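Quick notes on the structure that follows.
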Amino acid sequence: MTDHLQPGAREDILLRTEHVSLSFGSVRALVDVSVTLRRGEITALVGDNGAGKSTLVRCVSGIHRPQSGRIVFDGGEIDFHSPEDAREAGIETVHQNLALVEDLTVWQNLFLNREIVRRFGPVPVLDRRAMQVRAKEMVSTLAVNVPAVRSRVRRLSGGQRQAVAICRAAGFSSKLVIMDEPTAALGVQETARVEELIVRLRDEGHSVLLISHNFSQVMRLSDQVWVMRAGRCVGGRRTAETTGEEIVALITGAAGS
Amino acid sequence: MTDHLQPGAREDILLRTEHVSLSFGSVRALVDVSVTLRRGEITALVGDNGAGKSTLVRCVSGIHRPQSGRIVFDGGEIDFHSPEDAREAGIETVHQNLALVEDLTVWQNLFLNREIVRRFGPVPVLDRRAMQVRAKEMVSTLAVNVPAVRSRVRRLSGGQRQAVAICRAAGFSSKLVIMDEPTAALGVQETARVEELIVRLRDEGHSVLLISHNFSQVMRLSDQVWVMRAGRCVGGRRTAETTGEEIVALITGAAGS
Amino acid sequence: MANATLAAPEREAWSARLKDVGFWAEWAALVGLIVLVIVFQALNPTFLSSGNIASMLVAAAILIILSVGQTFVVATAGIDLSIASTMTLGAVAFGQAYAAGWGLPLSCLLAVVAAALVGVANGLIIAKGKITDFIVTLGTLSAASGLALILADGKPVTIIDPALLSLSTGGIGIFGWSVIIAFVVAVVAHVALFHTRFGTHLLATGGAPESATAMGISTQRIKIAVYTISGVLAGLGAILLVARIGAAEPAANTAFLLNSVAAVVLGGVSLFGGRGTIVGPVIGALLLTALVNGLTLLGVSQFYQPLAVGIVVVLAALLTRFQR
Amino acid sequence: MANATLAAPEREAWSARLKDVGFWAEWAALVGLIVLVIVFQALNPTFLSSGNIASMLVAAAILIILSVGQTFVVATAGIDLSIASTMTLGAVAFGQAYAAGWGLPLSCLLAVVAAALVGVANGLIIAKGKITDFIVTLGTLSAASGLALILADGKPVTIIDPALLSLSTGGIGIFGWSVIIAFVVAVVAHVALFHTRFGTHLLATGGAPESATAMGISTQRIKIAVYTISGVLAGLGAILLVARIGAAEPAANTAFLLNSVAAVVLGGVSLFGGRGTIVGPVIGALLLTALVNGLTLLGVSQFYQPLAVGIVVVLAALLTRFQR
Amino acid sequence: ADTSAATGASDAADAQTKIAAIIKGLDNPFFQTMKQGIDDQAKAAGVPVTVQAANSITDTTGQADKLNGLAGQDYSCYVVNPISGTNLIQGLARLSVLNKTVVNIDSPVDAAAAKSANVTLATYIGTDNVQAGKMAGARMTELVPAGGDVAVVGGIAGDVTSGARVEGFQKGIGPKLKVVQTVAANWDRQTALTAATDVMRANPNLVGFFVANDDMGLGVARAIANSGKTGKVKVISVDGVKDALEAVKAGTLDGTVAQYPYAIGLMGVEACQAAAKGKALPPNVKAPVELVTKDNAEKALAATPKPFGTYDDPFRNLTR
Ligand SMILES: Nc1ncnc2c1ncn2[C@@H]1O[C@H](COP(=O)(O)OP(=O)(O)OP(=O)(O)O)[C@@H](O)[C@H]1O
Ligand SMILES: Nc1ncnc2c1ncn2[C@@H]1O[C@H](COP(=O)(O)OP(=O)(O)OP(=O)(O)O)[C@@H](O)[C@H]1O
Ligand SMILES: [Mg+2]
Ligand SMILES: [Mg+2]
């Protein structure tokens, strides 16, 4: 695969996967995938169902480890042993399955493993009030039918859940925010707000990796598009220099890289 | 709420909910909802996240029972005590959560509670082969990366799962097919195929109730649109006589019914 | 067009299969059993003598039957803690009927009916009352053993019946009648689980009750059915138990409870429901029986036996490690 | 703009709360306990005498401590079947140390350490070996009681120590020392579960392990921690047990196992993990103790007691019916 | 068999005697017979009695809880059969403070523990389990040729009663026989059957079993019959329950050491009656123990659950 980046842009690169492969039993979910993400850009990843997009995301966010190939993030090779490592390194992810805990409340989910504590002598005790207040702020920027931050996630509608997961990823400063189909279940207004949020994240200097089946969204928001097909990365384009038709042709296999 | 149907079209009505209400604890998910669905049409139901769309669907498909109001289907008042009743009556549903059994295979899910049996004397024994063959046919009409019908659903990607759930609903003759955000997780090609399928179902005389956040899809496919907001039905329009802007205004509450 | 689910070349597929999680989980009990047999045989050559195999099989028969019943329940994400005391109740019912002169066939029937009723009660309370399986069957565990004590007035009834005696001592070759009955039960259970609509609905109920309900499966009916099956099999176990010890006793039989669950789990059946095999639990039951038999043959001290059993159970379970 | 989560008017909210499923599930044990107290008091006025309350509380102390330990494990969707035999092992370790002249403080320490080690072993095998909790703790149930037998050489050690005796008989008012210890344990556990990061992570691990992992929570560490806590509390229970019965015995007190789980479930904690309270299991333990005490006071015949216990457990559980 | 109907007793003569008995698990015929003895004597004397038992033979704390439950009530005399030497100490200490009569039957309360907790026992009516085992051992040496291999089937590993009986058996056989294996069969007939089958397989030359109770003994006898070794392998067990006596008569069991829990329970109630009359009780009374063999099985059966021989009951006169 050729490199679609202009020479000189190399130092701008935040994340690079190099020949990453991963199989589940006999299913080859990722085959020799090499993609790059630049700092301060929105990069889109598109492809058919089962093309391997979520699997690639899970490799970057520390859930899977590639069976071969390497991942370079922020200048150094990384080998995350757990999602904790990835979050430490500055990668926040909105997973396709949202990764919410249904039996916990909205605010508990928002602050999961990022809890605010107050010390009582040597004992760190949760500052529930502070978290609830912050949570209310975070959620109200995004959701329309604001879910009560003290209600359990189990009770939220599909879209409300997605809003919570996005809030969580956006709420903590990070170098890279990965969003795996963040607006799939969202209504019109919520989608608009999430798109605003994505743009804002970019403008604030974060990089965003966006997976979406919504073409107009991809063409509208992204700076760079990578296309996957059947586990392989079959091409990358600067969004400004391509058309929806070309991308569709890549996805369906009607055109080569 | 006024009735948006021309007089004389009444006998065309397949489903009518009349003043249906349902609360979960203090959450009033449905408030006095009255909508109608005509035979042989695609009816769309739109609204923000948490507006109550899925809850309405669950009332019609026998999962919830309305706390007040009544539902008339195919000429008679219905009072489903279980989803089984609804399926018997001819209502197939693709739920937002898909209602798949992760540990069963694709073909087992497709034929769940519709199994093909062969009799060994008095004993009805599953005809696994027949079901697998039929399953392969059903899936291949819809999916692009065809999942092996013998693999467990647990292993499928989000889109593959959605395809399986849709196949199941479309695969059995029924009067009404309800689809709760059927293309939310689907890729371009799959979405196109599902849209084709929806149109084909209509052309074959089935009624379809489509829930979608995808506006262009709703405007393209549906004959009638109902709009929900915060548990209430705030308006209904013939698709041909309205515009996307009007619908958005209804959803956001910028316009009355 | 390339297909993501395309199978890799033959050789890779095979090694993949060996690496595949399901493969080991499902056959863990068998591997454990084989290892155990090899070790015991090496240490004591009488272990694989036909006489010892025969007596191991007979000793395993009741546990096999109970484990099959437990498997049905566990596959629906339930657990039948009352299975052993239900068997006790069945045995006592048998004993009382026999002592009252009802004759063998009627007494057997009563044993099965009494145990089945406990199962039905379990099922009804769990399904209709929507109470956790664990606590309901814990309650019936207590209630059934209480009933057994009341019925029997705390006393064992000795039962000497030639037909019953031949049930426990006769057989074909090394297979005693009780073993043959256990295997028949296992085969029927396998067919029911994998080749009937009931079996599929049962697995769906265990794996995703909400989805099953949405597809119109009555999870309540399934729950009632599996507990009834478990009860009926406990009743069958009761008959074999009475035949084996020649008496109907109100004793608690608690060991059967934990062993039946252990056999199911060693057999690779997830306690979270939704998947299961019958072969696995049967092998699990054989494994547990062979373990105690081998340790006794080797003359391992009674104080060291629990330790050895514990270690072997954990080691065998290590093989099922990738379950789910 | 209208808001779907808007609360309905006050009165409706209150009736809704009464209809709310969580409300009853969480307070089922309390309702059951109150009903039971009223019934027993009506039938036998000595039931609520201060002497009887004191002895009920003392009798409940060990069970409360074990139930708290079990709650931590159950909240992570696990189960500690070894909790009672771990306590036995702790007691035996205590007895051996005391008999060897280690003195009371060191012996107590050893009891806790020995029990904690079993807990750590459970946690390590479950977390690292990725084996189902049920089968691992079933294995350690056997192994720990084996170890206890080996350590004690099968013999009980009588321990007569004035300090230990006053631990089991002294106290403040109607609250014996052991009860006070149990309540302190419960309060600390409550704070740990609901007011620390650990507690939140624990509930996340139980409710959705994959989501917890994705958020960077080490579910392995949580598992190891809860089993260690369960072990430590079993060790504490062992000390109270030795104080209570005046001897360290290697024969396991199996009733504690099922009772500890029953208390947890009656306390409204789901065996599927992810949610839990500490108050509930404590009340559950009190309920079970009061039940046996009341039946004894009423002179209910021994044979009818298991039946009565079973029925009451199921009835109490009926109150938790809407759980989940 | 609820005997608690006595709460409203108006019989002034016996109103001062009201007995509570706490015995071991009722899932074993031995203790049921004990209960029968208690009930029968109480009925004969017209004294109200309530009998409570632990849930099982290992339920030490449960038994203590039950005693504590009864201790606060207006019983005048408590008959206790503790599971272990010390598990009831607390409750007994409370009873001593209240000046209630405590009669200890079957298993003894640990003397040192009783002393340190200021527990005073009115009397002890005991079964000497070591003695019972010894008699079984002596009988075994008569039944099988010297130097033979024997095996022991005990109750739950670590159980006190089982341990004492086995210890006595070892003493009884002395050096004449060799114990090749000891297994724990949890007081359960089915487990004993399986274990005995395995033991015989491991030790083809085995000539005898000593079994710690009758229920398991019957299971072992069954195992011997199943493997066609009837007569070649002898079984002696302990307890003397009815089924075992019948088995001895039929020849499937080669002997049982009968301990007469009926007599123990009966004497326990008598001791309470005597104490209520202010009589001085003998501190230590031995309960009858008899070896039942084929020769005297008939007689034993006819008398069961009472002892067939004469035995010394010092309380009988005191209650008059
Ligand atoms: N844990 C797993 N075990 C086995 N196979 C898996 C697993 N996860 C994913 N797969 C398979 O890997 C392939 C890629 O899946 P992935 O979820 O990455 O697709 P995707 O591109 O995200 O699709 P979608 O757009 O539908 O979400 C699919 O064929 C899927 O069946
Ligand atoms: N089982 C339930 N218990 C409590 N509240 C519920 C339950 N199901 C739904 N709700 C609440 O009812 C409201 C309507 O939910 P519903 O799922 O019908 O919304 P929706 O219109 O389908 O939204 P989306 O587009 O996000 O799927 C929401 O506020 C939700 O929180
Ligand atoms: Mg995906
Ligand atoms: Mg919805």
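Please indicate, with yes or no, whether at least one residue in region A:54-61 is open to solvent by less than 20 Å² (accessible area, probe 1.4 Å), more than 8 Å from ligand 1 (Cβ to nearest atom), among the β-branched types (Val, Ile, Thr) and touching an Asp or Glu at 6+ places or on another chain (Cβ under 9 Å).
No; the residues of region A:54-61 include none that is open to solvent by less than 20 Å² (accessible area, probe 1.4 Å), more than 8 Å from ligand 1 (Cβ to nearest atom), among the β-branched types (Val, Ile, Thr) and touching an Asp or Glu at 6+ places or on another chain (Cβ under 9 Å).
Given (1) more than 16 Å from ligand 2 (Cβ to nearest atom); (2) more than 20 Å from B:Leu186 (Cα to Cα); (3) at pLDDT below 90, where does A:Ile251 come up short, assuming only one miss?
(2)
For (1) touching a Ser or Thr at 6+ places or on another chain (Cβ under 7 Å); (2) aliphatic (A, V, I, L, M); (3) at negative phi, each residue gets a yes or a no:
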site	(1), (2), (3)
B:Val123	no, yes, yes
B:Val133	no, yes, yes
B:Arg150	yes, no, yes
B:Arg202	no, no, yes
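Could you pull out every one of the helices (runs of 4 or more DSSP H) wholly within region D:163-231 that has 2 or more residues that are of a type in the set (Ser, Thr, Tyr)?
D:197-207, D:209-214
Within the bounds of region A:120-137, is there any residue that is over 26 Å from A:Asp12 (Cα atoms), open to solvent by less than 40 Å² (accessible area, probe 1.4 Å) and either within 16 Å of ligand 4 (Cβ to nearest atom) or in contact with a Gly (Cβ under 7 Å, 6 or more places away or on another chain) (or both)?
So the first thing to find is which residues in region A:120-137 are over 26 Å from A:Asp12 (Cα atoms), and the list is A:120-137.
Next, from what is left, pick out any that are open to solvent by less than 40 Å² (accessible area, probe 1.4 Å): A:125-127, A:130-132, A:135.
From what's left, either within 16 Å of ligand 4 (Cβ to nearest atom) or in contact with a Gly (Cβ under 7 Å, 6 or more places away or on another chain) (or both): none.
No, every residue in region A:120-137 fails to be over 26 Å from A:Asp12 (Cα atoms), open to solvent by less than 40 Å² (accessible area, probe 1.4 Å) and either within 16 Å of ligand 4 (Cβ to nearest atom) or in contact with a Gly (Cβ under 7 Å, 6 or more places away or on another chain) (or both).
Filtering region A:17-30 down to residues that are surrounded by 19 or more Cβ atoms within 10 Å (Cβ to Cβ), within 18 Å of A:Gly62 (Cα to Cα) and of a type outside the set (Ser, Thr, Tyr), which residue is nearest to ligand 2 (Cβ to nearest atom)?
In this case the residue turns out to be A:Ala29.
Any chance region E:83-101 includes a residue that's among the β-branched types (Val, Ile, Thr), at pLDDT 90 or above and within 18 Å of the chain's Cα centre (by Cα)?
Looking for residues that are among the β-branched types (Val, Ile, Thr), at pLDDT 90 or above and within 18 Å of the chain's Cα centre (by Cα), one finds none in region E:83-101, hence no.
Given B:Gln217, B:Gln160, which one is within 16 Å of ligand 3 (Cβ to nearest atom) and open to solvent by less than 30 Å² (accessible area, probe 1.4 Å)? Lay out the reasoning, then the answer.
On the way: B:Gln217 fails: within 16 Å of ligand 3 (Cβ to nearest atom).
So the residue among B:Gln217, B:Gln160 that is within 16 Å of ligand 3 (Cβ to nearest atom) and open to solvent by less than 30 Å² (accessible area, probe 1.4 Å) is B:Gln160.
List the residue pairs whose Cβ atoms are under 8 Å apart, where the first residue sits in region A:228-257 and is more than 24 Å from B:Ser157 (Cβ to Cβ), the second is among the aliphatic types (A, V, I, L, M) and open to solvent by 40 Å² or more (accessible area, probe 1.4 Å), and the two are 6 or more positions apart or on different chains.
Cβ pairs passing all conditions: A:Thr239/A:Met219.
Checking the structure you have, find out if any residue of region E:2-12 is at the interface with another protein chain (Cβ under 9 Å from one of its Cβ atoms), modelled with pLDDT under 90, in contact with a helix residue (DSSP H, G or I) (Cβ under 8 Å, 6 or more places away or on another chain) and not in a strand (DSSP E or B).
So far as region E:2-12 goes, yes, one or more of its residues are at the interface with another protein chain (Cβ under 9 Å from one of its Cβ atoms), modelled with pLDDT under 90, in contact with a helix residue (DSSP H, G or I) (Cβ under 8 Å, 6 or more places away or on another chain) and not in a strand (DSSP E or B).
I'm trying to understand the selection: among the residues of region C:247-269, which are part of a loop (DSSP other than H, G, I, E, B), modelled with pLDDT of 85 or more and farther than 13 Å from C:Val68 by Cβ?
Passing the criteria: C:Glu249, C:Pro250.
Considering only residues that are more than 19 Å from the chain's Cα centre (by Cα), crowded, with 17+ Cβ neighbours inside 10 Å and not polar (S, T, N, Q), which ones fall in region C:166-197?
If the condition is that a residue be more than 19 Å from the chain's Cα centre (by Cα), crowded, with 17+ Cβ neighbours inside 10 Å and not polar (S, T, N, Q), then C:Leu167, C:Gly171, C:His195, C:Arg197 are the ones that fit.
Scan region A:226-246 for residues that are within 19 Å of B:Glu190 (Cβ to Cβ) and touching a helix residue (DSSP H, G or I) at 6+ places or on another chain (Cβ under 7 Å) and report the count.
5
Name every residue in region E:38-82 that is assigned to a helix (DSSP H, G or I), among the β-branched types (Val, Ile, Thr) and at pLDDT 90 or above, in order of residue number.
Across region E:38-82, the qualifying residue is only E:Ile38.
For every residue, the table says whether it meets (1) charged (D, E, K, R); (2) at pLDDT 95 or above; (3) surrounded by fewer than 24 Cβ atoms within 10 Å (Cβ to Cβ).
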| residue | (1), (2), (3) |
| --- | --- |
| C:Leu48 | no, no, yes |
| C:Gly51 | no, no, yes |
| C:Ala54 | no, no, yes |
| C:Ile64 | no, yes, no |
| C:Ser67 | no, yes, no |
| C:Met87 | no, yes, no |
| C:Ala93 | no, yes, no |
| C:Gln96 | no, yes, yes |
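Which of (1) surrounded by 18 or more Cβ atoms within 10 Å (Cβ to Cβ); (2) closer than 30 Å to D:Ala285 by Cβ does C:Lys128 not meet, given it meets every other one?
Exception for C:Lys128: condition (1).
Step by step: first the residues of region E:140-163, then only those that are away from chain D (no Cβ under 14 Å) and surrounded by 24 or more Cβ atoms within 10 Å (Cβ to Cβ), then the one that is farthest from C:Thr296 (Cα to Cα). Which residue is that? Outline the logic, then answer.
Applying the first criterion (away from chain D (no Cβ under 14 Å)) to region E:140-163 yields E:140-151, E:153.
In the following step, the residues that additionally are surrounded by 24 or more Cβ atoms within 10 Å (Cβ to Cβ) were identified as E:140, E:150-151, E:153.
Values: E:Met140: 23, E:Val150: 15, E:Ala151: 12, E:Val153: 12 Å.
Restricting to residues being away from chain D (no Cβ under 14 Å) and surrounded by 24 or more Cβ atoms within 10 Å (Cβ to Cβ), the top hit is E:Met140.
Only residues that are within 13 Å of chain C (Cβ to nearest Cβ) and over 25 Å from E:Pro48 (Cα atoms): list them for region D:281-308, please.
Correct list: D:Pro281, D:Gly284, D:Leu287, D:Leu288.
Mind telling me which of the residues C:Gly274, C:Gly280 ends up being open to solvent by less than 20 Å² (accessible area, probe 1.4 Å) and more than 14 Å from the chain's Cα centre (by Cα)?
Result of the check over C:Gly274, C:Gly280: C:Gly274.
Just to be sure I understand the filter: pairs with C-beta atoms under 8 Å, separated by 6 or more residues or on different chains, first member in region B:175-193 and more than 7 Å from chain A (Cβ to nearest Cβ), second member acidic (Asp, Glu) and more than 16 Å from ligand 2 (Cβ to nearest atom). Which pairs pass?
Matching pairs, first to second residue: B:Lys175/B:Asp74; B:Leu176/B:Glu92; B:Val177/B:Glu92; B:Ile178/B:Glu92; B:Thr183/B:Glu190; B:Thr183/B:Glu195.
Go through region E:214-280 and tell me which helices (runs of 4 or more DSSP H), entirely inside it, have 2 or more residues that are touching a Lys or Arg at 6+ places or on another chain (Cβ under 7 Å) and open to solvent by 10 Å² or more (accessible area, probe 1.4 Å).
E:214-226
Pull up region E:201-213, narrow it to residues that are crowded, with 24+ Cβ neighbours inside 10 Å and touching a Ser or Thr at 6+ places or on another chain (Cβ under 7 Å), then point me to the one that is nearest to E:Pro261 (Cα to Cα).
Filtering first and then ranking leaves E:Asn213.
If only one of D:Phe194, D:Phe175, D:Phe183 is of a type outside the set (Lys, Arg), touching a helix residue (DSSP H, G or I) at 6+ places or on another chain (Cβ under 9 Å) and at pLDDT 95 or above, which one is it?
On the way: D:Phe194 fails: at pLDDT 95 or above; D:Phe175 fails: at pLDDT 95 or above.
Only one candidate passes the filter, namely D:Phe183.
Being surrounded by fewer than 24 Cβ atoms within 10 Å (Cβ to Cβ) and among the charged types (D, E, K, R) is the filter here; which residues of region C:215-258 pass it?
C:Arg221, the sole residue that qualifies.
Output yes when any residue across region E:184-194 is charged (D, E, K, R) and within 11 Å of chain C (Cβ to nearest Cβ), and no when none is.
Residues of region E:184-194 that are charged (D, E, K, R), as a first pass: E:188-189.
Now restrict to residues that are within 11 Å of chain C (Cβ to nearest Cβ): E:188-189.
Yes, there is a match, as at least one residue in region E:184-194 is charged (D, E, K, R) and within 11 Å of chain C (Cβ to nearest Cβ).
One residue is enough: does region C:133-147 have a residue meeting the conditions in a helix (DSSP H, G or I) and in contact with a strand residue (DSSP E or B) (Cβ under 9 Å, 6 or more places away or on another chain)?
Within region C:133-147, not a single residue is in a helix (DSSP H, G or I) and in contact with a strand residue (DSSP E or B) (Cβ under 9 Å, 6 or more places away or on another chain).
So which residues in region D:34-46 are farther than 11 Å from D:Gly294 by Cβ and either within 10 Å of chain E (Cβ to nearest Cβ) or surrounded by 15 or more Cβ atoms within 10 Å (Cβ to Cβ) (or both)?
Listed by number, the list holds a single entry, D:Val35.
In region C:138-151, which residues are open to solvent by less than 10 Å² (accessible area, probe 1.4 Å) and touching a residue at least 60 places away in the same chain (Cβ under 8 Å)?
Across region C:138-151, the qualifying residues are C:Ala144, C:Ala148.
The values are calculated or read from the model by the stated rules, or taken from the named source; none is laboratory data. None of the values given here were measured: they were computed from a predicted structure. All Cβ positions, glycine included, derive from the backbone under ideal geometry; neighbour counts span all protein chains shown. When the accessible area is computed, the model is the full protein with side chains, heavy atoms only, and any ligands, DNA or RNA have been set aside. Shrake-Rupley method; radii C 1.70, N 1.55, O 1.52, S 1.80 Å.
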